[in-house]
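The values are calculated or read from the model by the stated rules, or taken from the named source; none is laboratory data. This structure is a prediction, so every number in the text was calculated from the model and none was measured. Backbone-built Cβ (ideal geometry, glycine too); neighbour counts: all protein chains shown.
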Amino acid sequence: MSYLLLLVGFILLVKGADYLIDGGIELSTLSGVSPLFIGLAVTSIGTSAPEAAVSIRAAIISHPNISFGNILGSNMANIGLVLGLAALLYTLPARDSTIKKELPFSLFITFVLLLLLRDDWFFKGIPSLSRIDGAILLGFFSLFLFYLYRMALSDRKKLLIEKNISHIEYSKRELLKASLITIIGITGIILGGHLVVNNAIIIARSLGVSETLISVTIVALGTSLPEMVTSLMAVKKNKWDIAIGNVVGSNIFNILFVLGLSSIIRPIQFSTIAFPDLLIVIGISIILLPFIHTRHRLSRKEGGVLLLIYIAYIVFAVLRR
């Protein structure tokens, strides 16, 4: 039964990603916004639902450190595994705004997270994410939402000028259909990810695989499956902006909203054992910037490098634990 449910989970993931991309493309066409906006604002939040569910629930039941570890592992997988694998299979072109705005902002907030965590560098106390720190992260998230709002207005204005029209015409039925397809896609991804992770753990335990290995591989990879499948489906449909926007938006959402809300629910005491993980996430984020900036694309060779870094990180995590 577990093997059957695992197969069902993968099918739901693939079909859910397919519906999510198709619905997102249709929404961008109907509303006059760019695919990049859809990637940053719609698919990224949809594919981050598993991380949000795991981290927020962990904070509620008094396991806030799980929230932090889950987000670090997910953001590392998003860059190293998802972008690395996507670029290895298909070279990924990138927009100017991605290179000059979204990626630098993603790196910036990771540094902000580091400074908020290491209170002991500046004041007496223990390294932690307090409720005040959580409010600061949510404040940055509101700024990001405002940026997305401005992006949507700019996209619509640009489209109206290009087509020399005063407004975008669409039927409510078309909008409802596109929204429904998108929601079905997100639902399929969430259910598929849940089935894959839970049944993979059951199968691994039945084969005698250790809990440690399960946690750093299956669970960590499982919550990043939605981003991976969605990004791969997007590049297969030649929607590069959705693929990159999905990863960048997901990483921003994970840090600012998920960790921000989790630390308000329950302050997170930072374990120094996770300090190398945070530095590695910062490191791979720094490496990603010149990779994309050089030719405004992520080449297959660069994708291979990101993937190797991720594999090395997994080996490090297994050996350390």
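Observations on the model:
- Here Ser166 does not qualify as within 23 Å of Glu51 (Cβ to Cβ) and either at pLDDT 80 or above or not in a helix (DSSP H, G or I) (or both).
- Within the range 225-247, the set of residues being out of contact with any Asp or Glu (no Cβ under 8 Å at 6 or more places or on another chain) and polar (S, T, N, Q) comprises Thr230, Ser231, Asn238.
- Residue check for Leu30: within 24 Å of Ile311 (Cβ to Cβ), of a type in the set (A, V, I, L, M, F, W, C), out of contact with any strand residue (DSSP E or B) (no Cβ under 7 Å at 6 or more places or on another chain) and touching a residue at least 24 places away in the same chain (Cβ under 8 Å): no
- Test result for Gly39, at pLDDT 80 or above, of a type outside the set (D, E, K, R) and crowded, with 24+ Cβ neighbours inside 10 Å: yes
- Condition met for Phe111 (under 26 Å from Phe270 (Cβ atoms) and either at pLDDT 85 or above or in a helix (DSSP H, G or I) (or both)): yes
- Count of the range 1-36 residues which are within 30 Å of Ala152 (Cβ to Cβ) and either among the small types (Gly, Ala, Ser) or part of a helix (DSSP H, G or I) (or both): 24
- Selection from the range 299-317 of residues that are exposed (fewer than 14 other Cβ atoms within 10 Å of the Cβ) and either within 13 Å of Ala77 (Cα to Cα) or polar (S, T, N, Q) (or both): Leu308, Ile311, Ala312
- Tally of residues being in a helix (DSSP H, G or I) and at pLDDT 85 or above across the range 251-304: 35
- Sole exception among (1) buried (at least 18 other Cβ atoms within 10 Å of the Cβ); (2) free of Cβ contacts under 8 Å to residues at least 60 places away in the same chain for Tyr19, by number: (2)
- From the list Ala152, Ala135, Ala52, the one residue that fits, being crowded, with 20+ Cβ neighbours inside 10 Å, part of a helix (DSSP H, G or I) and touching a residue at least 12 places away in the same chain (Cβ under 8 Å), is Ala52.
- Leu279, sole failed condition from (1) farther than 17 Å from Leu20 by Cβ; (2) hydrophobic (A, V, I, L, M, F, W, C); (3) surrounded by 16 or more Cβ atoms within 10 Å (Cβ to Cβ): (3)
- Answer from Ile268, Ile309, Ile314, Ile280 - the residue that is more than 19 Å from the chain's Cα centre (by Cα) and either among the charged types (D, E, K, R) or over 19 Å from Glu102 (Cβ atoms) (or both): Ile268
- Here is the figure for the range 116-130: residues that are part of a helix (DSSP H, G or I) and surrounded by fewer than 12 Cβ atoms within 10 Å (Cβ to Cβ) total 1.
- Some residue of the range 107-122 being of a type in the set (Asp, Glu), touching a residue at least 24 places away in the same chain (Cβ under 8 Å) and farther than 30 Å from Ile292 by Cα: no
- Number of the condition not met by Pro93 [criteria: (1) more than 22 Å from Leu191 (Cβ to Cβ); (2) touching a Leu at 6+ places or on another chain (Cβ under 6 Å); (3) modelled with pLDDT of 85 or more]: (2)
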